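Have a look at the structure below before the remarks.
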């Protein structure tokens, strides 16, 4: 009896120590995540002179002029709307097309399924940096080809067309295409877990494939759609490399390109630079705070179902 009590006490001590270590590790990582955000927020209210003398402490004089100054210099009134359009449009496109393709790959088997699925999934291995030059050349050639075709049929005299380059449609198409490989893989694996009996019952009731997709697959794919949205929203909002080569007009640029302006002649104006970074970060912070429960549920459900 004494030995059992002793063993139980040891187990409780080991469990308490393990729990304490787990909380310690999580606390350290939480601090490493939150501390830079707090530091950035505090320094965005300092003047450049005060930042040079006091980089870690609280602002002695809270300077709010940095935010309107950064907003004006970065032309964020135009760029933030573009970022919202690109992020929302590309995310919805990635969700719709990935679930549509996942339905075909998971439930509509044919000889073309394996090679088509492989051609999409192999995109996971390709980095954005390796695609930048080919994408720029392809976009330019597509515009030249489309312009030549329109001039040939008499719809354009100059033959100069900006359908893919320097256009919102071109940016959205590239963003959707770059997000599809991972999304299609996740959607296909998720939809494989949906019972085929449901689809067969719908077919017996006279439903076509599109009706099955709309009435059965889409409603049951909400968890994986949430997961795909979570994986893409932050990346699309902060995306810089692709849009930097896809657009040259200020009216078509996104928020990260506006923030990039502060790395040039305005590098020494730290107050406005930090304020610009906070302006770009705040929408994602609000998104997480507002949808943190849905984000947690969506990630858990998407992972477990697949």
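Among 251, 178, 119, the largest mean-square fluctuation in a Gaussian network model of the chain, built with springs joining Cα atoms closer than 10 Å, belongs to 119. Distance between the modelled labels on residue 222 and residue 34, one decimal in nanometres: 3.2 nm (7 Å Cα→Cβ projection).
Largest GNM mean-square fluctuation among 172, 24, 73, using the chain with Cα springs under 10 Å: 24. For the listed peptides 213-223, 100-110, 228-238, a ranking on the average number of other beta carbons within 10 Å per residue, highest first, reads 228-238, 100-110, 213-223.
Packing, as the average of other Cβ atoms within 10 Å across residues, places the peptides 10-18, 149-157 in the order 149-157, 10-18, highest first.
Spin-label model, residue 128/residue 249: points 7 Å from Cα along the beta carbon direction are separated by 2.3 nm. Using R0 = 35 Å, the C-beta based FRET efficiency linking residue 211 and residue 85 works out to 0.70.
Could you list the square roots of 5 times each eigenvalue of the Cα gyration tensor of the stretch 75-305, that is, the equivalent ellipsoid semi-axes, sorted largest first and rounded to whole Å? Don't skip to the end; give the middle numbers.
On the way: eigenvalues 248, 138, 43 Å².
Square roots of five times the eigenvalues give 35, 26, 15 Å.
Reducing the stretch 74-141 and the stretch 192-252 to their Cα centroids gives an inter-centroid distance of 11 Å.
For the chain, with a Gaussian network of springs between Cα atoms less than 10 Å apart, report the residue from 244, 66, 54 with the top mean-square fluctuation. Taking springs between Cα atoms under 10 Å, the residue moving most is 54.
Can you tell me the length gained on complete extension of the stretch residue 153 to residue 113, counting 0.36 nm per residue apart and subtracting the Cα distance? Intermediate results must be reported in sequence, preceding the final value.
Values: separation 40, 0.36 × 40 = 14.40 nm, distance 3.75 nm.
Contour length minus Cα-Cα distance gives 10.7 nm.
If R0 is 25 Å, the Cβ-Cβ spacing of residue 23 and residue 282 corresponds to a FRET efficiency of close to 0.30. Between residue 203 and residue 140, the simple label model (points 7 Å from Cα in the Cβ direction) yields a spacing of 4.9 nm.
Every number here is computed from the coordinates shown, using simple stated rules; none is lab data. Here the structure is a predicted model, which means the values were calculated and not measured. We place every Cβ from the backbone using ideal geometry, glycine too, and count neighbours over all the protein chains shown.
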